[in-house]
1. Once amide H atoms are built 1.01 Å from N in the peptide plane, which residues 5 or more positions from Leu77, or in another chain, come under 5 Å H to H?
2. Please work out which option in (i) 15.2, 55; (ii) 22.2, 72; (iii) 14.6, 47 gives Rg and Dmax of the Cα atoms in Å calculated from these coordinates, and answer with its label.
3. What's the angle, to the nearest 10 degrees (0 to 90), between helix 56-71's Cα axis and the longest principal axis of the chain?
4. Under the rule of -39500 (n - 2.57) per DSSP H run of 4 or more residues, summed and divided by the residues of the chain, what mean residue ellipticity at 222 nm is obtained, to the nearest 500 deg cm²/dmol?
5. Setting aside same-chain residues fewer than 8 positions from Lys8, which lysines have a Cα under 28 Å from its Cα?
6. Which residue fluctuates most in the GNM of the chain (Cα springs below 10 Å): Glu99, Glu14, Glu84?
7. Through the Karplus equation 6.51 cos²θ - 1.76 cosθ + 1.60, θ set to phi - 60°, convert the phi angles of the stretch 118-133 into ³J(HN,Hα) values in whole Hz; use x for Gly and Pro.
8. Going by amide H atoms built from the backbone, whose H comes under 5 Å of the H on Ile53, apart from near neighbours?
Amino acid sequence: MTKDKIKKIIPHREPFLLVDEVTFIKKGEVAKGLKKVRIDEPWFKGHFPDYPIMPGVLTVESIAQLGAICLMEGEELPILGKIERFSFKKPVFPGDTLELEVNVVWKRKNIAKIHGVARVKEEIVGEGDILAAIKKEKELRR
C-alpha cells in the first residue's frame, strides 16, 4: 500500500505521517510496513544536531499509526490511549529503514490492544504494547 493510499485511511500528514508503505495487511489482525528515516526530517535539527537519532517516541508513533491502519473500519479512528511495557533496544539513525509490525492482541467494542515491533535490518530496535481507544471521527472534532 502506497503513501497515497495510507493518506486515504488515516488522517496523519507530513511531517507527522510516519508510515511510508504498508507491505502486508490482514485487516483487524496484523500489518507490516516501512518508515524510511531521512536526515531532512524536522526533528533532526534538534535531536541531536551533532549526532542525529530518531526520537524513540516517534518509533512508538510509527507503530501506533500502522496499528491504526490495521484497525480502521469505516468512520472509526483508533487513537493512542496508553503505552505499555515499551522498550528501546538500539537507536535509529538517518538512512535506516524501520521495519514495522503490529499484531492485534484483542479488540473489544471501543478499545484495542496491539503489540508492535520495530526493526532495522531485522534487528529489534523497539517493542511494546499500545492500547487504542476506538472513536468515531466526528467525536474528535470540536
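Please treat every number below as a calculation from the coordinates, not as lab data. Since the structure is predicted, the reported quantities are computational estimates derived from the model, not experimental observations.
1. Lys135, Lys136, Glu137
2. (iii)
3. Approximately 30 degrees, to the nearest ten.
4. On the way: 2 runs with 23 residues, N = 142.
The helix contribution divided over the chain gives -5000 deg cm²/dmol.
5. Those lysines meeting the cut-off are Lys26, Lys27, Lys32, Lys35, Lys36, Lys82, Lys107, Lys109, Lys113, Lys135, Lys136, Lys138.
6. The residue with the greatest mean-square fluctuation here is Glu14.
7. Per-residue couplings from phi come out as 10, 10, 10, 6, 6, 9, 5, 10, x, 7, x, 10, 10, 9, 10, 7 Hz.
8. Amide H neighbours of Ile53, under 5 Å, 5+ apart: Phe48.
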